[in-house]
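Peer 1: Here you go, one structure.
The values are calculated or read from the model by the stated rules, or taken from the named source; none is laboratory data. Predicted, not measured: the structure shown is a model, and the values here were computed from it. Note that each Cβ is placed from the backbone with ideal geometry, even for glycine, and that neighbours are counted across all protein chains shown.
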Amino acid sequence: MTLQKPAITSSVLHPIIAERWSPRAFDKNFEISQEDVNALLEAARWAPSSSNHQPWRFIVAKRADSNFIRISETLADFNRTWAPNSSLYVVACAETALPDGKNNPTAFYDVGLSVALMSVEASDRGFVIHQMAGFNHALIKTSFALRDTCEPIAIAAIGKQAEVETLTDEVLIEREKAPRSRKNLAEILL
């Protein structure tokens with residue numbers, strides 16, 4: 001049975017939110033269907049955005065794709081030890097310029113909303129998603145010929161969760177088994 005770590009909350013939350021966490025143990029044999037990929041992207045597409053600019057852009061690569069290898073090569077060493085076992089990478093990028101060329105001050109916020117909705121859809125479909133900032137942003141930009149105003153923000157590794165024992169690194173195993181924690185509500189209120 002795969003490890004579950006439901007959140008300990010002060011209020012009852014929807015199970016998709018309470019049970020969501022970011023495992024690193026992925027089933028390296030699971031292949032995600034194109035129908036599921038499309039659904040994840042549709043969920044992201046329908047996120048709210050300031051003035052409906054929809055500044056999110058995605059690079060999508062299944063494990064069998066050559067782009068998957070290119071993305072894996074940009075990962076920080078620690079992430080490179082587990083993320084390639086996922087079924088799918090989604091590189092979330094922000095289009096930082098508005099149609100008139102001015103800076104879009106809400107681009108990063110809007111992209112975060114879109115990835116959050118993708119995460120909810122992934123959880124509802126029985127997938128796990130682990131988002132990473134540990135990658136070479138400049139290498140993603142050059143490798144995928146992104147224009148100057150398209151900024152890579154995070155890479156989401158998506159797939160089916162595997163048993164903790166499939167991880168080989170002791171540090172990874174400890175992190176996987178560690179209890180979830182968050183700041184108390186009082187600490188986040190101003």
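Peer 1: Residue check, residue 50 against (1) without any contact (Cβ under 8 Å) to a residue 24 or more places away in the chain; (2) over 21 Å from residue 164 (Cβ atoms); (3) small (Gly, Ala, Ser), all met but one. Which one?
Peer 2: Unmet condition: (1).
Peer 1: With the checklist (1) within 18 Å of the chain's Cα centre (by Cα); (2) touching a residue at least 60 places away in the same chain (Cβ under 8 Å); (3) closer than 28 Å to residue 10 by Cα in hand, flag the one item residue 109 doesn't pass.
Peer 2: (2)
Peer 1: Which residue out of 116, 122 is small (Gly, Ala, Ser), assigned to a helix (DSSP H, G or I) and surrounded by fewer than 17 Cβ atoms within 10 Å (Cβ to Cβ)? Write out each step before concluding.
Peer 2: Numbers: 122 fails: surrounded by fewer than 17 Cβ atoms within 10 Å (Cβ to Cβ).
After applying the criteria, what remains is 116.
Peer 1: When residues of the range 14-31 are filtered for being surrounded by fewer than 16 Cβ atoms within 10 Å (Cβ to Cβ) and in contact with an Asp or Glu (Cβ under 9 Å, 6 or more places away or on another chain), how many remain?
Peer 2: Residues meeting the conditions: 1.
Peer 1: Pull up the range 144-190, narrow it to residues that are of a type in the set (Gly, Ala, Ser) and not in a loop (DSSP other than H, G, I, E, B), then point me to the one that is nearest to residue 133 (Cα to Cα).
Peer 2: That would be 154.
Peer 1: Considering only residues that are out of contact with any Leu (no Cβ under 8 Å at 6 or more places or on another chain) and part of a loop (DSSP other than H, G, I, E, B), which ones fall in the range 89-113?
Peer 2: Result: 96, 98, 99, 100, 101, 102, 105, 106.
Peer 1: How many residues are at pLDDT below 90 and either under 26 Å from residue 184 (Cβ atoms) or assigned to a helix (DSSP H, G or I) (or both) if we restrict to the range 1-38? I'd like the intermediate steps shown before the answer.
Peer 2: Of all residues in the range 1-38, those at pLDDT below 90 come to 1-10, 21.
Subset that is either under 26 Å from residue 184 (Cβ atoms) or assigned to a helix (DSSP H, G or I) (or both): 3-10, 21.
Qualifying residue count, the range 1-38: 9.
Peer 1: Which members of the range 125-143 meet the condition of being polar (S, T, N, Q), within 21 Å of residue 24 (Cβ to Cβ) and either outside any strand (DSSP E or B) or over 13 Å from the mean Cα position of the chain (by Cα) (or both)?
Peer 2: Of all residues in the range 125-143, those polar (S, T, N, Q) come to 131, 136, 142-143.
Filter once more, keeping what is within 21 Å of residue 24 (Cβ to Cβ): 131, 136.
Selection gives 136 alone.
Peer 1: Among 111, 128, which is in contact with a Cys (Cβ under 9 Å, 6 or more places away or on another chain) and crowded, with 18+ Cβ neighbours inside 10 Å?
Peer 2: So the residue among 111, 128 that is in contact with a Cys (Cβ under 9 Å, 6 or more places away or on another chain) and crowded, with 18+ Cβ neighbours inside 10 Å is 111.
Peer 1: Taking the stated definitions as given, is residue 34 surrounded by fewer than 17 Cβ atoms within 10 Å (Cβ to Cβ) and either touching a residue at least 12 places away in the same chain (Cβ under 8 Å) or out of contact with any Ser or Thr (no Cβ under 8 Å at 6 or more places or on another chain) (or both)?
Peer 2: yes
Peer 1: With the requirement that a residue be touching a helix residue (DSSP H, G or I) at 6+ places or on another chain (Cβ under 6 Å) and either surrounded by fewer than 16 Cβ atoms within 10 Å (Cβ to Cβ) or free of Cβ contacts under 8 Å to residues at least 12 places away in the same chain (or both), what does the range 53-83 give you?
Peer 2: none
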